[in-house]
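Please read the structure below before turning to the comments.
The values are calculated or read from the model by the stated rules, or taken from the named source; none is laboratory data. A quick note: this is a predicted structure, and the numbers were derived from the prediction, not measured. For neighbour counting, all protein chains shown are included, and Cβ atoms are generated from backbone atoms with ideal geometry for every residue, glycine included. Protein only, heavy atoms only, side chains kept; ligands, DNA and RNA dropped before computing areas. Shrake-Rupley method; radii C 1.70, N 1.55, O 1.52, S 1.80 Å.
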Amino acid sequence: MIVDDESSMRFLLRMTFELAGHQVVEAPDGLAAIEQVEGSRVPPDLVATDFMMPRMNGGELIARMRRNPASAAIPIILVSSSPGSEQRTEADAFFRKPFDPEALTECATQLLEKSA
């Protein structure tokens, strides 16, 4: 799952993950992501989220996912240009925008293997 309020960034992340063989769903902000995660019979295997977003930011999204037993173990990658955002969350990994697509997909693969 990709969570970012900028459609161009969601597109870039989607292409990055799809080229690596992953299926992708998108959400434009943290609140929409929570609704999808909590309302889905099959939760996402991994979440890549921005930090600064309207309605619910990435920090709030991560905190809420970690409090919910159904989503607490889902690996989360924070992809942000917000200074210090990696210090304020319980994300499993952090990438600063602009990111290296190869490094991001490698990290996602490692996190998915660890959580399997």
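Being more than 16 Å from Ser80 (Cα to Cα) and surrounded by fewer than 18 Cβ atoms within 10 Å (Cβ to Cβ) is true of Ala20. Is it the case that some residue within the stretch 47-61 is touching a helix residue (DSSP H, G or I) at 6+ places or on another chain (Cβ under 9 Å), crowded, with 20+ Cβ neighbours inside 10 Å, in contact (Cβ under 8 Å) with a residue 24 or more places away in the chain and hydroxyl-bearing (Ser, Thr, Tyr)? Scanning the stretch 47-61 turns up at least one residue that is touching a helix residue (DSSP H, G or I) at 6+ places or on another chain (Cβ under 9 Å), crowded, with 20+ Cβ neighbours inside 10 Å, in contact (Cβ under 8 Å) with a residue 24 or more places away in the chain and hydroxyl-bearing (Ser, Thr, Tyr). Counting only residues that are at pLDDT below 95, part of a helix (DSSP H, G or I) and either small (Gly, Ala, Ser) or open to solvent by less than 90 Å² (accessible area, probe 1.4 Å) (or both), the stretch 74-116 holds 3 of them. Take the conditions (1) in a loop (DSSP other than H, G, I, E, B); (2) at pLDDT 95 or above; Arg41 misses just one of them, which is (2). So Ser7 passes all but one of these: (1) free of Cβ contacts under 8 Å to residues at least 24 places away in the same chain; (2) open to solvent by less than 20 Å² (accessible area, probe 1.4 Å). Which condition number does it fail? Result: Ser7 passes all but (2). Checking each residue in the stretch 1-16 for being assigned to a helix (DSSP H, G or I) and either at pLDDT below 95 or touching a strand residue (DSSP E or B) at 6+ places or on another chain (Cβ under 7 Å) (or both) picks out Arg10, Leu13, Arg14.
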